[in-house]
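Asker: After the structure tokens below, expect a handful of questions from me.
The values are calculated or read from the model by the stated rules, or taken from the named source; none is laboratory data. Predicted model only: the values in this text are computed from it and were never measured. Here the Cβ positions follow ideal geometry from the backbone for every residue, glycine too, while neighbour counts run over all protein chains shown. The area values use the complete protein model at the heavy-atom level, side chains included, leaving out ligands, DNA and RNA. Shrake-Rupley method; radii C 1.70, N 1.55, O 1.52, S 1.80 Å.
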Amino acid sequence: ASFVVVVCNFTPSVQHGFRLGVPNAGVYRERINTDSAHYGGSNVGAPFGEITAQPIPAHGRPQSIELALPPLATVFFEWTA
């Protein structure tokens, strides 16, 4: 089973150290980043295209990922079992 976590930044600045609560431990792979250089963006996003969840609760979830959220962008992360 898999699912996708979607996060949006509607501000014109990078949100460094943004912590997002996620439901499961494991690796979250960046699948779509509208700030990618491929789309003419500044290419801010997950290093190496993935982020490993940490056992730090956030947003009512037991795990969380910390990321540099790109400006004026939407990012999709996929978790797979």
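Asker: When you look at V75, is it assigned to a strand (DSSP E or B), open to solvent by 30 Å² or more (accessible area, probe 1.4 Å), among the β-branched types (V, I, T) and out of contact with any helix residue (DSSP H, G or I) (no Cβ under 9 Å at 6 or more places or on another chain), yes or no?
Answerer: no
Asker: Looking at (1) in contact (Cβ under 8 Å) with a residue 24 or more places away in the chain; (2) surrounded by 16 or more Cβ atoms within 10 Å (Cβ to Cβ), which one does A1 not meet, given that it meets all the others?
Answerer: It fails just one condition, (2).
Asker: Now for a separate question. Just one of G40, G45 is modelled with pLDDT under 95 and in contact with a strand residue (DSSP E or B) (Cβ under 7 Å, 6 or more places away or on another chain); which is it?
Answerer: After applying the criteria, what remains is G45.
Asker: Here's something else I'd like to know. Count, please, the residues in the range 1-31 that happen to be among the aliphatic types (A, V, I, L, M) and part of a loop (DSSP other than H, G, I, E, B).
Answerer: Qualifying residue count, the range 1-31: 3.
Asker: Of all residues in the range 4-35, which are open to solvent by less than 30 Å² (accessible area, probe 1.4 Å) and within 15 Å of L72 (Cβ to Cβ)?
Answerer: The answer is V7, N9, N33, D35.
Asker: Taking only the range 46-70 into account, find how many residues are assigned to a loop (DSSP other than H, G, I, E, B) and at positive phi.
Answerer: 2
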